[in-house]
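The structure under discussion appears below in the form of structure tokens.
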Amino acid sequence: PRHMDSVLDILDALESPDRGGSPGTATALGRGLGVCSTPGCRAVLGEPPGTPERPPALTPGQWQLLTELLHHDPATPELGVVLAPDGSTVALGPLLAGIEAGLRSRGFGPPLPTLDPPADPLLAVTVAEALGTSFLLVQGVDNNATALGPGGCWDDMENPQNYTLRGLPSAVSDPVAVGAMDGVILGTRLARGPILTAELLRSYYGTGNGSEARRPPSSYRRRDFEALAGQGRLEKEVAAVLEVLRTLSPTPELLRDMGTQEVVAVAQRAAREFSKRYVECPAIVPRCLWGARPYRGTPAPLQPPLGSVFLHHTLEPARPCQTFSTCARAMRDMQRFHQDTRGWDDIGYSFVVGSDGYLYEGRGWHWVGAHTKGYNTQGFGIGIIGDFTVTLPDADTLALVRDELLPCAIHYGHIRPDFTLHGHRQLVRTNCPGNALFQEIQSWPGFQ
């Protein structure tokens, strides 16, 4: 399966001291297979070694999978991604490039070069070059061109084999953005002290570390990336890398006739848009990733921006979900109940909030839901998984809705800036969203 677990099995075999492995074995092998194939990345990490042969530690099947995952082909970027335990899809290229930069800054392998103009090697090989190049490529192109995205869907969440992008790929598709952020976070950690790559990834993604009891660190990637490379620093690093690229073939052609101020403007736009999409706004798990059934009938369109948001608790399941697998299961159970028992066309909520750090797409931004009888065309219904009659969701889950979802919904024109927030009980005869949660939201912006 193209799952992070498969990669971890390969890394365990490569890094085993009993088989002659070390912390840098996997990254060196990765570059030989195609990781770090862009001009800027090669300027930082060096030219790749010759095409490697299969290490004795790997089976032919493992070697074939690794070769397919790490072979860089801009025309088929979806082949270089794996599904992580937190439900995110991760591009391995920027992830492993960041890990190598972190190891080398700590003394494992040749020292990293000093770039001119000065640029952070870790940010250069993970996010800055890809981001700057992507925005250069859409300069002057028609308005339909995008420098970020899209996301995509797996064919089977239990046994992922094929990932399909939901649109034309940019140089920074959603999996590349996730891999780049993870590469920055983990590369920074490795710079503080060496650790086996498999052990690092296993602890970060929550594989086999008791993560059913708590959120895996990877679910905090947006927060942790912002702490390391907020919009201001990202803008500076993108501009620096673009200046470095002026001297590296074949990128000078992209920068021809562009002065320093024009480069700075591209970097500003790139950093701003990346931050809005991948840092400030919460990740939304699309229906295809949680295993949604098809909508029954023909959905009715909404007319955004809407004026209201209606907050709910799910009551069932009563226990908050803290991992992707349990949250996805809860979504399927709710949809089944809403369709088969209630007789609705689909799950009723517009979005559902897990305590795993993610939003789950229900009816979404564009279709009328079945969440607040009599008001479904006037606002979005947001359900938080759990029973919050007595207790509250954890502080991070509350902040996800209050401080991230609602401001981003305004920014992208889904709700009006003067929207009103209501608890379900204010409009329908019900105890929803529970006494504890209803008392909490009375202090939130927009509550009426």
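The values are calculated or read from the model by the stated rules, or taken from the named source; none is laboratory data. Note that the structure is predicted; figures quoted are calculated from it, not measured. Reconstructed Cβ throughout: ideal geometry from the backbone, glycine too, with neighbour counts over all protein chains shown. For accessibility, only protein heavy atoms count, side chains too; no ligands or nucleic acids. Shrake-Rupley method; radii C 1.70, N 1.55, O 1.52, S 1.80 Å.
Could you give the accessible area per residue of the chain, probe 1.4 Å, as a whole number in Å²?
Per residue, the chain has 43 Å² of solvent-accessible surface.
What number, rounded to the nearest 500 deg cm²/dmol, is the helix-based mean residue ellipticity at 222 nm of the chain, given -39500 (n - 2.57) per DSSP H run of at least four residues and division by all its residues?
Helix-only estimate at 222 nm: -11000 deg cm²/dmol.
Please sort by residue number the chymotrypsin sites (Phe, Trp or Tyr not before Pro) in region 107-161 whose DSSP state is loop and whose Cβ has at most 16 other Cβ atoms within 10 Å.
Sites meeting the loop and neighbour criteria: Phe108.
Magnitude of the Cβ-charge dipole of region 314-363, K/R +1 and D/E -1, about the Cα centre, nearest 20 debye?
Computed charge dipole of region 314-363: roughly 100 debye.
Name the cysteines of the chain that stand alone by the Cβ rule: no other cysteine Cβ under 4.7 angstrom.
Within the chain, the cysteines lacking a partner Cβ under 4.7 Å are Cys432.
Where is the GNM fluctuation largest for the chain (alpha-carbon springs, 10 angstrom cutoff): Met334, Met258, Met181?
Ranking Met334, Met258, Met181 by mean-square fluctuation puts Met258 first.
Please state the charge dipole magnitude for the chain, taken about the Cα centre, from unit charges on C-beta atoms (+1 on K and R, -1 on D and E), reported in debye and rounded to the nearest 20.
Its charge dipole is roughly 900 debye.
What trypsin sites (Lys or Arg not before Pro) does region 212-248 have in DSSP loop regions with at most 16 other beta carbons within 10 Å?
Sparse-neighbourhood loop trypsin sites (Lys or Arg not before Pro): Arg214, Arg246.
Sort the following peptides by mean Cβ neighbour count (other Cβ atoms within 10 Å, averaged over residues), highest first: 348-358, 421-431, 275-285, 26-36.
348-358, 26-36, 275-285, 421-431
Whole Å is fine, so just give me how far the alpha carbon centre of region 370-448 lies from that of region 236-270.
Distance between centres, Cα-based: 43 Å.
Find, among the GluC sites (Glu not before Pro) in region 1-74, those assigned to loop by DSSP (not H, G, I, E, B) with at most 14 other beta-carbon atoms within 10 angstrom.
Listed in order of number, the matching sites are Glu53.
Relative to the Cα centre, what is the charge dipole magnitude of region 91-167, using +1 at the beta carbon of each Lys and Arg, -1 at the beta carbon of each Asp and Glu, and rounding to the nearest 20 debye?
200
Once Rh is set to the Kirkwood radius over Cα pairs, what Stokes-Einstein translational diffusion coefficient, in µm²/s, holds for the chain at a temperature of 20 °C and a viscosity of 1.002 mPa s? Let's see the in-between values first.
Working: Rh = 23.1 Å.
Diffusion coefficient, whole number: 93 µm²/s.
Once you put a point 7 Å from the Cα of Tyr412 and another 7 Å from the Cα of Arg269, both along the Cβ direction, what distance in nm separates them?
About 2.1 nm, to one decimal.
How many angstrom lie between the C-alpha centres of region 109-158 and region 175-189?
Between the Cα centres of region 109-158 and region 175-189 lies a distance of 12 Å.
With label points built 7 Å along Cα→Cβ from the Cα atoms of Ala227 and Glu316, find their separation and express it in nm.
In this crude spin-label approximation the distance works out to 4.0 nm.
Dipole of region 1-110 (Lys/Arg Cβ +1, Asp/Glu Cβ -1, origin at the Cα centre): which of Gly24, Ala57, Ala13 lies farthest to the positive side?
Gly24
So, by mean Cβ neighbours within 10 angstrom, what's the order for 335-341, 364-370, 383-389 with the highest one leading? Mind showing how you got there, number by number?
Working: 335-341: 14.9, 364-370: 18.3, 383-389: 23.7.
Going by the mean number of other Cβ atoms within 10 Å, highest first, we get 383-389, 364-370, 335-341.
Computing the accessible area with a 1.4 Å probe over protein heavy atoms, can you report the carbon and sulfur percentage for the chain? Please list the in-between numbers first.
Values: 10000 of 19340 Å².
C and S fraction of accessible area: 52 percent.
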